[in-house]
Amino acid sequence: MKKNCFLISLFLLWFSQAIGQGKWELKKDENGIQVYTRRAAKGNIKELRVVCELDATKAQLISTLENIADYNSWVYSNKKSTVLKTINPQNIIYYTQSHLPWPIKDRDLIVELNIVPTPEVLNVQAKSLPDYLPRDANFIRVPYSLAVWKVIQAPNNKLKVDYTFSVDPGGSIPSWIVNATLTIGPYNSFAKLKEILKAQRQPVIN
């Protein structure tokens, strides 16, 4: 009886969360990049999803994600990224700063990156660690963010990416402003990432 009650409680919890979330709505479809948003189960900031194909191998994508210092070249609004701790090459804790347009104050963020390759799926998770470092008065610390990548091999030597992202930017930014601009950063980041990876695949002509 107790076991049945526990299972029922788990189901009701899942069901209530599923009801709270909205359906994915396509907001941008350009350059082979589809960007979706949906109402989150909690809070007023929408969740985001990006679906696209990358002209790259899994090894090239992993190498790019591990190269924290080079995030400035493709991560939108990235001001600075530095490695704080390398647990192993595919488990890295890093610090990053994001420049936001005036009058919004710049944000900073500590992230634990986990890259888990398998023969079928490349799983990547980037989760915030807001208390890993003391606060810097020049920035507002992002209290929560979670990015999840699901990457599978596609035909013609391409990778199919399904990326989801949720965030609480902290501070006093009105949620409507965040939601109105939510697709800009991820779209531009993936567009730039596509360019970088495609260039790596092109042969060098002497």
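The values are calculated or read from the model by the stated rules, or taken from the named source; none is laboratory data. Since this is a predicted model, take the numbers as computed values, not measurements. Quick reminder, even Gly has a Cβ in these numbers, built from the backbone with ideal geometry, and neighbours come from all protein chains shown. SASA here: full protein model, heavy atoms, side chains in, ligands and nucleic acids out. Shrake-Rupley method; radii C 1.70, N 1.55, O 1.52, S 1.80 Å.
Does residue 83 fit the bill of being more than 28 Å from residue 181 (Cβ to Cβ), modelled with pLDDT of 95 or more and open to solvent by 70 Å² or more (accessible area, probe 1.4 Å)? Yes; evaluated as a whole, the condition is true for this residue. All conditions in (1) within 25 Å of residue 161 (Cα to Cα); (2) without any contact (Cβ under 8 Å) to a residue 60 or more places away in the chain hold for residue 136, with the sole exception of (1). In the range 35-67, the qualifying residues are those that are part of a helix (DSSP H, G or I) and touching a residue at least 40 places away in the same chain (Cβ under 8 Å), and the one that is nearest to the chain's Cα centre (by Cα) is 65. Residue check: residue 133 meets all listed conditions (1) within 19 Å of residue 81 (Cβ to Cβ); (2) part of a loop (DSSP other than H, G, I, E, B); (3) modelled with pLDDT under 95 but one, namely (3).
Would you pick out the residues in the range 100-128 that are within 20 Å of residue 161 (Cα to Cα), open to solvent by 60 Å² or more (accessible area, probe 1.4 Å) and in contact (Cβ under 8 Å) with a residue 40 or more places away in the chain? Across the range 100-128, the qualifying residue is only 117. Of all the residues in the range 139-165, those that are at pLDDT 95 or above, open to solvent by less than 90 Å² (accessible area, probe 1.4 Å) and of a type in the set (Lys, Arg) number 1.
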